[in-house]
1. With the checklist (1) without any contact (Cβ under 8 Å) to a residue 24 or more places away in the chain; (2) surrounded by 12 or more Cβ atoms within 10 Å (Cβ to Cβ); (3) farther than 30 Å from MET1 by Cα in hand, flag the one item LEU105 doesn't pass.
2. Out of curiosity, is LEU7 at pLDDT 95 or above, of a type outside the set (S, T, N, Q) and either under 17 Å from the mean Cα position of the chain (by Cα) or within 16 Å of THR111 (Cβ to Cβ) (or both)?
3. Please work out which residue is nearest to PHE6 (Cα to Cα), limiting yourself to region 53-64 and to residues that are open to solvent by less than 60 Å² (accessible area, probe 1.4 Å) and modelled with pLDDT of 90 or more.
4. Answer yes or no as to whether ILE76 is part of a helix (DSSP H, G or I), aliphatic (A, V, I, L, M) and open to solvent by 90 Å² or more (accessible area, probe 1.4 Å).
5. Let me confirm something: among THR44, THR57, THR81, which residue is part of a helix (DSSP H, G or I) and among the polar types (S, T, N, Q)?
6. Scanning for something of a type in the set (S, T, N, Q), outside any helix (DSSP H, G or I) and surrounded by fewer than 15 Cβ atoms within 10 Å (Cβ to Cβ), does region 24-39 turn up at least one residue?
7. Does GLY70 satisfy being open to solvent by less than 80 Å² (accessible area, probe 1.4 Å) and over 19 Å from LEU11 (Cβ atoms)?
8. Mind checking which pairs have a first residue in region 58-70 that is closer than 16 Å to LEU16 by Cβ and in contact (Cβ under 8 Å) with a residue 60 or more places away in the chain and a second that is of a type outside the set (D, E, K, R) and open to solvent by 10 Å² or more (accessible area, probe 1.4 Å), Cβ under 7 Å, 6 or more apart or different chains?
Amino acid sequence: MWLEIFLIPFLIVIILFIIFWIVHEGTKWQKHKYLGGFAKIIQTSPRKGFLIFLVLTIMMFPMAALVMTGLWWDKIDAGITPEKVDVVNVMLLMFLVLSFTISILWGSFRTWRHAARAEAEEAIRMTE
């Protein structure tokens, strides 16, 4: 029971990450009936896009801990002692999700860095 309850926030974070990843680029998403709001939020600036991906990636860690806690509580309630295999399974799931999210986070960071560099160069040109 607890595993299912604690899986809900974990899946919500993953679904939000995927939605923001889908609408991250392309202005056609701003006119979409359901995803338009997400597109307008993340496409306002490269910095905002990076920060959204960063927060969602960081949120994966406590959500994975909740999943592991729910798994342990269910096993304790059933009279079974939790094993190391449970920790390993949750860690493998977390590594799989992080391999997806970190690559997107890094790309978003590079976009923000290049945009900030271009703004700084433009400001230098305007002062000359």
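1. For LEU105, the failing item is (1).
2. On the way: at pLDDT 95 or above: no; of a type outside the set (S, T, N, Q): yes; either under 17 Å from the mean Cα position of the chain (by Cα) or within 16 Å of THR111 (Cβ to Cβ) (or both): yes.
Spelling it out, it is not the case that LEU7 is at pLDDT 95 or above, of a type outside the set (S, T, N, Q) and either under 17 Å from the mean Cα position of the chain (by Cα) or within 16 Å of THR111 (Cβ to Cβ) (or both).
3. MET63
4. Details: part of a helix (DSSP H, G or I): yes; aliphatic (A, V, I, L, M): yes; open to solvent by 90 Å² or more (accessible area, probe 1.4 Å): yes.
The answer is yes for ILE76.
5. THR57
6. Applying the first criterion (of a type in the set (S, T, N, Q)) to region 24-39 yields 27, 30.
Still in the list and also outside any helix (DSSP H, G or I): none.
The answer is no, given that none of the residues of region 24-39 is of a type in the set (S, T, N, Q), outside any helix (DSSP H, G or I) and surrounded by fewer than 15 Cβ atoms within 10 Å (Cβ to Cβ).
7. Numbers: open to solvent by less than 80 Å² (accessible area, probe 1.4 Å): yes; over 19 Å from LEU11 (Cβ atoms): no.
Here the answer is no, as GLY70 does not meet what is asked.
8. LEU66/PHE6; LEU66/PRO9
The values are calculated or read from the model by the stated rules, or taken from the named source; none is laboratory data. For clarity, every value in this text was computed on a predicted model and none was experimentally measured. Glycine also receives a Cβ, built like all others from the backbone with ideal geometry; neighbour counts cover every protein chain displayed. Ligands, DNA and RNA are excluded from the accessible area calculation, which covers all protein heavy atoms including side chains. Shrake-Rupley method; radii C 1.70, N 1.55, O 1.52, S 1.80 Å.
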